[in-house]
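Written below as structure tokens is the structure these notes are about.
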Amino acid sequence: MKRLLKILLFVVTLCNVFAVTVSADTTDYYFNLGGGTTDATKRTMKAGGSAYESIYYVRPTYFSRNQNYKVQPHRIITESNKPAVGGFVTIYWSNNNVLKKYTYGGACPSNYYYYLFANFIDGPTAQPIYVEGRYTP
């Protein structure tokens, strides 16, 4: 009988732990950027429930050359309404494989889809680049 109670208590404890745990969706991205081109990540649901943060995370994992690029977060409200919810931030090649967090411009609630819009940085020595990374809204 004591063993059965311990097993039941263990199962209830596990259920409580998993019911409270909230994991954020993370999307891998692959951008081919060059000479005025842009690209966007796959849309990703923002988790967090009512305890959401107005923060997003970017981890660049690969740069084909030592060149920076810019990203800007967008929220999908409808298929025709996808406003920017923050300004452009520069992703530096020197921060390869470093997780950085950025603040949205205002409240960005959970249960909406978000994506990153990527922009090539033109300059006197700019050449096309291929980059990879991970994005968590």
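The values are calculated or read from the model by the stated rules, or taken from the named source; none is laboratory data. All of these numbers come straight from a predicted model, not from anything done at the bench. Cβ sites come from the backbone with ideal geometry, for glycine too, and all protein chains shown count toward neighbours. Side chains are part of the model used for accessible areas, which takes the heavy atoms of the whole protein and leaves out ligands, DNA and RNA. Shrake-Rupley method; radii C 1.70, N 1.55, O 1.52, S 1.80 Å.
Summary of values
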item	result
Count - residues of segment 42-56 that are small (Gly, Ala, Ser) and open to solvent by 60 Å² or more (accessible area, probe 1.4 Å)	2
1 or more residues closer than 18 Å to Tyr30 by Cβ and either open to solvent by 40 Å² or more (accessible area, probe 1.4 Å) or out of contact with any Asp or Glu (no Cβ under 7 Å at 6 or more places or on another chain) (or both): qualifying strands (runs of 3 or more DSSP E) within segment 57-137	69-76, 89-91, 113-120, 129-136
Residues of segment 35-56 that turn out to be part of a strand (DSSP E or B) and not hydroxyl-bearing (Ser, Thr, Tyr), as a count	4
